[in-house]
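Working notes for the structure below.
No lab work stands behind these numbers, since they all come straight from the coordinates. Model, not experiment: these values are computed from the prediction. Every residue, glycine as well, gets a Cβ built from its backbone with ideal geometry; the counts of neighbours run over all protein chains shown.
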Amino acid sequence: MTLTLTLREPPAAPVLAEPLRPDRLAALSGGEIERLALRHGNREVALGDLFAVSGAGARDVRVVGDLRRVTGLGTGMTGGRLTIAGSAGPHTGTGMRAGEIVVQGDVGDWAGAEMRGGRIVVHGSAGRRLGGAYAGSRAGMRGGEILVDGDAGEEAGAGLRRGLIAVAGRVGAAAGLNALAGTIVAFGPVGAHAGAGMRRASIVAMAGADLLPTYAPACTYRPPFLPLFLGRLRELGMPVADDQIDGRYTRWSGDGVELGRGEILILEEPL
Amino acid sequence: MRLHDAEVVDTFAEAFAMWGARIVVTAQTPAWADHAARSLTGFATSVIGCKCEAGIERELDAAETPDGRPGIAALLFAMDADGLAKRLVERVGQTVLTCPTTACFNGLDVDDEVIVGGRLRYFGDGWQASKVLAGRRYWRIPVMEGEFLIEERFGIVEGVGGGNLIILGEDEASALRAAEAAVAAMRPVEGAIMPFPGGIARSGSKVGSRYKGQIASTNHVLCPTLRAQVDDSDVPDGVGSVLEIVIDGLGTDPVREAMRRGLDAAARSGALRITAGNYGGNLGPHHFHLRELVP
């Protein structure tokens, strides 16, 4: 059974929708869900004023409509499945710990910021600071998986501490900015300044990267962990080619201005 | 009891609780996985002298392994969980880590775990790095060849050690032929290994000895050459050679199934008599009665 929330009309002002998380909604009746308080601009409104509610008591929640001005969907969720049939606003899935969010369109900035577990699947593109750290936080994403079928904006994985971010398309500038650990897999081109300030993380670049001068080449080899990660991504539907699993990668170590234990692995052309 | 051409003695194999782990070794080629697995399971015939018992469970297709390369599943058993953890660290560290192109993964998804990769990571001298994928942590250890990948934790289960069949033949050749047939029939059983060379032991032992400090000695009652010298010989007329197959398993079911297959194959392949070893039933908690294995 699925709980469906259908946006009645595009909101005139941003809607803060943090209560819309499956683990919380599952315990509520239809009436209680309609009476949930959401912030719409500078006013508090009932959820039922903005969404038509169908069904109840389900950990499978579907939100339908043009949700680009709806922020914080699935924030802190600890289980269940949230499907967003449309594009979602910023801060989707921030701090989530378990469960799955599937965005059938694009997602705004800060998606999965500081998340600790679970999975976010974006069938469109993602904005800035995907899986990133908020201002004042040292660590961004600390676990879980984010998969993006389209492109990702600047500073994807900023402050990444643990977990996996995979982007099928382009990745914007400064991916892995100040990342502490974790893995970013970029199937498309990677923007400038990748890995700036990175300490221990891995960026895997399938289509090359414009490297900072503070990265130094180590060797070309087959990193044994990559088949596991790429196999996992293939299982989850990402476009992983056999050449990428079997391929040789040049390891660039950096960032030399930081700890220098990070790496950017660039897929070499097959011989 | 008769089974095919053999007499089956109405007795039982007495087995003990042992803790077991499944180690999945992968490599660039099946040959290198085999090199590593054979080293890993070498000198591990009996806890009496080797501190553990180990064997190759089966070869794995690339499609069955975590990293998509050819591999081998090996089982390793020790008397307790702590001992098993120590043996795993020692053996994986000396035989798999050192072997070109290999990686090493846990093959048991169970609640009880011991740390293996999390200990071996120190070989990286600070240059090691970890990766977490789907809740499992892996360690990347830089080595001269490139990089060794090993899972941090390995699952362990309370299994069974010391299931056995004792095969009596007319001479060395016929006893060996029957034992080889038994081992060949037993090998496909998942979750069981026969830790002795080729799966067969020619020197079954008894507990204790007339010599102080010797904890095990030759099982004189089943030595054909002593038949005329000892009062309690169990070697019947016409028997010139006796071989034993020891079976360790991740549970009672694999041991029982391996014994059932081995019993049948040995009885079809020239064994005169098949029996099993026990200590009167007072030492080991697992009793595998041969009469229950005869169809």
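About the Cα centre, and with charges only on the beta carbon of Lys, Arg (+1) and Asp, Glu (-1), how big is the dipole of the protein assembly as shown? Nearest 20 debye, please. Could you put the intermediate results ahead of the total?
Values: 58 positive and 67 negative charges, 305 e Å.
Result for the protein assembly as shown is approximately 1460 debye, rounded to the nearest 20.
Looking at the calculated P(r) for segment B:238-278, what percent of the C-alpha pair distances fall above 15 Å? Intermediate results must be reported in sequence, preceding the final value.
Details: 375 of 820 pairs.
In whole percent, the long-distance tail amounts to 46.
Simple spin-label model, 7 Å along Cα-to-Cβ: B:Ile215 to A:Ala218 in nm?
Result for the modelled spin labels: 4.4 nm.
Roughly how compact is segment A:148-227, stated as its Cα Rg over 2.2 N^0.38 Å to two decimals? Could the numbers behind the result be given before it?
On the way: Rg = 11.5 Å, N = 80, 2.2 N^0.38 = 11.6 Å.
Scaled against compact globular proteins, the figure is 0.99.
What do you get for Rg/Rh of the protein assembly as shown when both radii come from the Cα atoms and Rh is the Kirkwood radius? Provide the component values of the computation, followed by the final result.
On the way: Rg = 30.5 Å, Rh = 26.9 Å.
That ratio equals 1.13.
Counting Lys and Arg as +1 and Asp and Glu as -1, each charge on the Cβ, what is the dipole of segment A:1-81 about the Cα centre in debye, to the nearest 20?
Taking the Cα centre of segment A:1-81 as origin, the dipole is about 160 debye.
Going 7 Å from the Cα of B:Arg291 toward and past its Cβ, which residues in segment B:1-39 have a backbone nitrogen under 17 Å from where you end up?
Within reach of a label on B:Arg291: B:1-3, B:7-14.
First check a/c for segment B:165-295, with a ≥ b ≥ c the square roots of the eigenvalues of its C-alpha gyration tensor; if it is under 1.5, answer rounded, and if not, answer prolate when a/b is larger than b/c or oblate otherwise.
Details: a/c = 1.78, a/b = 1.23, b/c = 1.44.
In terms of gyration-tensor shape, oblate.
Enumerate the lysines that B:Lys51 could reach by cross-link, defined here as Cα to Cα under 26 Å, with residues fewer than 8 away along the same chain left out.
B:Lys86, B:Lys206, B:Lys212
Taking a ≥ b ≥ c as the square roots of the eigenvalues of the Cα gyration tensor of chain B, is the shape rounded (a/c under 1.5), prolate (a/b larger than b/c) or oblate? If you can, show how the numbers build up before the last one.
Working: a/c = 2.34, a/b = 2.03, b/c = 1.15.
Since a/c reaches 1.5 and a/b is larger than b/c, the shape of chain B is classed as prolate.
Put a dot 7 Å past each Cα toward the Cβ at A:Leu259 and B:Ala228; how far apart are the dots in nm?
Modelled inter-label distance: 7.7 nm.
At a threshold of 8 angstrom on Cα-Cα distance, excluding pairs fewer than six apart, so keeping six or more, what relative contact order does chain B reach in percent? Intermediate results must be reported in sequence, preceding the final value.
Working: 733 pairs, mean separation 78.5, N = 295.
After rounding, I find 27 percent.
Based on the Cβ-Cβ distance of A:Asn42 and A:Met1, what FRET efficiency does E = 1/(1 + (r/R0)^6) give at R0 = 35 Å, to the nearest 0.05?
Numbers: r = 36 Å, r/R0 = 1.01.
Here the calculated transfer efficiency is 0.50.
Provide the FRET efficiency to the nearest 0.05 for the A:Asp49-A:Glu235 pair, computing r from the beta carbons and using R0 = 51 Å.
Numbers: r = 41 Å, r/R0 = 0.81.
It comes out at approximately 0.80.
Give me the dipole magnitude in Debye, nearest 20, for chain A about the Cα centre, with unit charges on the beta carbon: positive for Lys and Arg, negative for Asp and Glu. Walk me through the numbers before you get to the answer.
Details: 29 positive and 28 negative charges, 158 e Å.
Rounded to the nearest 20 debye, it is 760 debye.
Sum up the charges of everything whose Cβ sits under 9 Å from the Cβ of B:Gly270, counting Lys and Arg as +1 and Asp and Glu as -1, but leave B:Gly270 out.
0
Determine the shape class of segment B:47-145: with a ≥ b ≥ c the square roots of the Cα gyration tensor eigenvalues, call it rounded for a/c under 1.5, and otherwise prolate if a/b is greater than b/c, oblate otherwise. Working shown, then result.
Numbers: a/c = 1.44, a/b = 1.19, b/c = 1.21.
Rounded, since a/c falls under 1.5.
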